[in-house]
1. Quick one: which of 409-422, 311-324 comes out on top by average Cβ neighbours within 10 Å, and what's the full order, highest first?
2. Residue-wise, which Karplus ³J(HN,Hα) couplings in Hz belong to region 246-252, taking 6.51 cos²θ - 1.76 cosθ + 1.60, θ = phi - 60°, and x for glycine or proline?
3. From the residues T369, S501, G193, which one has its Cα farthest along the dipole of the chain in the positive direction, the dipole being from +1 and -1 charges on Cβ of Lys/Arg and Asp/Glu about the Cα centre?
4. Compute the distance from the alpha-carbon center of region 51-83 to that of region 269-331, in whole Å.
5. Once phi is turned into θ = phi - 60°, what whole-Hz ³J(HN,Hα) does the Karplus curve with 6.51, -1.76 and 1.60 give for every residue of region 394-403, x standing for Gly and Pro?
6. So which of K284/K395; K203/K500; K132/K395; K395/K457 end up more than 20 Å apart, counting from Cα to Cα?
7. Using the crude model of +1 on Lys and Arg Cβ and -1 on Asp and Glu Cβ, and no other charge, please compute the dipole size for the chain relative to its Cα centre, in debye to 20.
8. Towards the positive end of the charge dipole of region 254-320, with charges on Cβ (+1 Lys, Arg; -1 Asp, Glu), say which of L279, P319, Q291 has the farthest Cα.
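Each reported figure results from applying straightforward, stated rules to the coordinates on display, with no laboratory input. The shown structure was predicted, so the numbers you read here are calculated from the model rather than taken from an experiment. Every residue, glycine among them, receives a Cβ derived from its backbone with ideal geometry; neighbour counts consider all protein chains shown.
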Amino acid sequence: MLRRTALAAAAFAAAGALLLTACTAGSPEPTQTNTGAPNADASVAIRLVLEPSNLDIRETAGAALDQILVDNIYQGLVSRTPEQEIVPSLASEWTVSSDGLTYDFTVREGVTFHDGQPLTPQDVVWSLQTRKDTATWRDSARLANVQSITADGQTVTLTLAEPDSTLLWNLTGRAGLVFKEGDAVDYKTKTNGTGPYTLDSWKQGDSITFLRNDAYWGDKAQVAEVVFDYIPDNQAALNAALAGELDAVTGFDANLTEQVEANGDFTVVTGASTDKGTLAFNQKSGPLADQRVRQAIRQAIDHDAIIEALGAGATQYGPIPELDPGYEDLADVAPYDPEAARALLAEAGEEDLSLTLTIPAFYGTTIPTILVSDLNEIGVTLQVEAVEFSAWLDKVYSTQDYELSYVLHTEARDFENWANPEYYFTYDNPEVQRLYAESVAATSDEEAADLLRQAAKIVSEDAAADWLFNGASVVAVGSNITGVPSINVNERLNLSELAKSDG
């Protein structure tokens, strides 16, 4: 959803860094549960949680779009693996000048869009220039540092005003997607990309179906059809899997593992992710403007109990998860200590504090129940306001009319939100903003990561939010299915290696 927020549901579904070559786009780290021969005519049904509101990935926010459209339908010059490695896609190779100001990409020949029109270097130039010049296109600002975009033969050159350590990474996301110049397609309901699948149909409120693109420039998809079934309820998803209606279940509830694996038809695979269960504090006014109150709330929360309740994942005490550059274990910044939390509230002069938690309704009650109980232990009454996601977008994300809010932010490398005082987190620290800017301008990955590490520690020490957990990617995969990614599946679900056997 929100780029630079990238929200995901229940496992919900905002984000660089040389010469590389390959013949196919970045492939996932797939699950391997079957060794039977693939059936090229197979249809695979995959459970997803959050359905997009429309399909316009140019302008519409939402991780639900990135999850299925990037890599499968739309592609950029470069892509990324679930492990966050930057790899070739529509560019077969690229080079970066020693001063970090010039990027040359070699655009593949023989690539066609789904409507049969050829991909040209001019399409790349137009797509990137339009993205840069059109504020309503998501991630337009990510190309602000690019001075010029030109093509000479099959080479597309980006010239920068100053070094940008995030550029290549940004090009693996929405900022780098390539569209056909002058395309008249209705992007809200149709697509026209270059990926291994084409859009067949969208039954709103139910499912989206992709078909294999037999004219694909790279290795052809190994299944004829993929059906994404949108089933928000975990028990309903389990029932559908056990009834043979699903081949893979993403966003799976790890607590249901024994049930889904009982007859041997499914295996639950757990992988790392950049999902961050984030408890946001509105710091503009009121008691949460006081760092002591925010710190008290953090230290009142039993993070280990949250992980136990979820059945998967890990604790996280700062804004950067372990998969991302700049990660540091910050557990010592906010250890679980209800007594210290009560002392902080007393020092802040807050007694009988009552706060409201605004949360999208589809998250269920597990997290809110734990938060209500933990805060009650330190004398804080927490009222839970569960709202439809559209209402959350309006009330929390857009107008910042909230006290506490909880969502799962899925996107990798989204630290920039903490350096943006206009973002719904409402966090404003000039030192963090300076360190982030220096990280972007860094000319080495090591320097950029170290600056992020320094900034992230300040964010945590300021109690800018609480990070309830670093979610795991939990996927139940049918025994005759291979190639379902097992890492970061809420953010991107690259199905280029998906296969299904008759066994």
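1. Numbers: 409-422: 22.5, 311-324: 21.0.
Peptide ranking by packing, descending: 409-422, 311-324.
2. 10, 9, 8, 10, 7, x, 6
3. G193
4. Here the answer is 26 Å between Cα centres.
5. Whole-Hz 3J(HN,Hα) from phi for region 394-403: 6, 6, 8, 5, 7, 9, 6, 9, 7, 9.
6. Distance filter (> 20 Å) returns K203/K500; K132/K395; K395/K457.
7. 1120 debye
8. Checked the options; the winner is Q291.
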